[in-house]
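Okay, structure first, notes after.
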Amino acid sequence: MSSPWFQHPFSKSFPVAHLMRDAFPETWLRIHSLPDSKRYPENEAEKNIILDRYSAFGTALLAERARCLVIQSCYNGFGPNMELMPELRWSPIHRVGEGEDAWDSWMTHSIWEPSNFAALLLKIAECSEGSIAFVSEVTDCVFAPYDGGADGFSCNKTLLSLLSEKFAPWRSSILSGL
């Protein structure tokens with residue numbers, strides 16, 4: 001893989017978003033998926049807000065219709081959810097951590113088209129699927145949605161600054177960005 005995320009020092013935590021955020025906070029930016037930091041959607045209108053935010057933030061990071069890797073990470077020896085996008089072929093990539101604290105990751109290739117991932121993104125937002133990261137083969141940015149928001153990662157500090165301003169209304173008011 002030519003992406004810097006697969007290389008040292010990033011490979012120590014990639015693609016597990018909370019590990020990446022802790023290890024490389026200078027590469028990280030977070031948005032909330034609902035107003036007022038609300039974590040879970042309660043109706044269709046809130047699901048639409050989540051999809052709109054994931055779509056906008058994901059596209060700003062990955063680029064419109066960009067070739068990307070979809071990566072699923074599983075904690076402590078569990079395997080990937082093969083029912084997750086069964087039309088795609090999943091390949092193991094690597095392990096982060098050791099022993100009982102290890103994360104194993106699998107990847108597949110796809111095109112970033114948010115509408116194609118709507119069902120998956122809603123599962124993530126409702127906490128019935130997790131530890132998914134999209135890595136753009138165009139921008140080398142990472143989009144990692146979770147229940148409550150999305151983390152974005154980039155080695156391009158100028159881009160992170162621009163995205164921080166653009167998505168300021170969706171960001172935390174807490175200085176740490178959490």
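Every number here is computed from the coordinates shown, using simple stated rules; none is lab data. From a predicted model like this one, the values you see are computed outputs, not experimental measurements. Heads up, the Cβs are rebuilt from the backbone with ideal geometry, glycines too, and the neighbour counts pull from every protein chain shown.
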Item checked: Dipole magnitude of segment 109-178, debye to nearest 20 (Cβ charges: Lys/Arg +1, Asp/Glu -1, about Cα centre) -> 240 debye
Notebook entry, point to check: With a ≥ b ≥ c the root eigenvalues of the C-alpha gyration tensor of the chain, is it rounded (a/c under 1.5), prolate (a/b larger than b/c) or oblate?
Noted result: rounded
Checklist line | Whole-angstrom gap from segment 97-128 to segment 28-56, using each part's C-alpha centre | finding: 17 Å
Next item on the list: Under 14 Å Cα to Cα from Lys12, which aspartates and glutamates show up? Leave out anything in the same chain fewer than 8 places away.
Entry: Asp22, Glu98, Asp101, Asp104
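Which whole-number percent is the relative contact order of the chain (Cα, under 8 Å, 6+ apart)?
About 31 percent, as a whole number.
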Margin query: Straight-line reach from Lys38: which lysines fall under 29 Å, measuring Cα to Cα and dropping same-chain residues less than 8 apart?
Written below: Lys47, Lys123, Lys157, Lys166
Next item on the list: Hydropathy first: keep DSSP H helices in the chain averaging at least 0.0 on Kyte-Doolittle, then drop any whose Cα extent along the axis falls short of 18 Å, and list what survives.
Entry: 44-62
Checklist line | Overall dimensions of segment 105-178 by Cα: Rg and Dmax, Å | finding: 13.3, 36
Item checked: Label zone at Ser2 (point 7 Å along Cα-to-Cβ), backbone N below 19 Å, segment 90-117 -> 108-112
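Normalised by the residues of segment 104-178, what does the relative contact order come to in percent, with Cα pairs under 8 Å and at least six apart?
Reported relative contact order: 16 percent.
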Margin query: Sort 144-157, 34-47, 2-15, 126-139 by packing, meaning the average of other beta carbons within 10 Å per residue, with the highest value first.
Written below: 144-157, 126-139, 2-15, 34-47
Notebook entry, point to check: Label-point separation (nm) for Ala118 and Ser173, each offset 7 Å from Cα along Cα-to-Cβ?
Noted result: 3.3 nm
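What does the charge add up to near Pro15, with Lys and Arg as +1, Asp and Glu as -1, over the other residues with Cβ less than 13 Å from its Cβ?
Net of charged neighbours comes to 0.
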Next item on the list: Determine the calculated [θ] at 222 nm for the chain from helices alone, applying -39500 (n - 2.57) to every DSSP H run no shorter than 4 residues and normalising by the residue count; nearest 500 deg cm²/dmol.
Entry: -7500 deg cm²/dmol
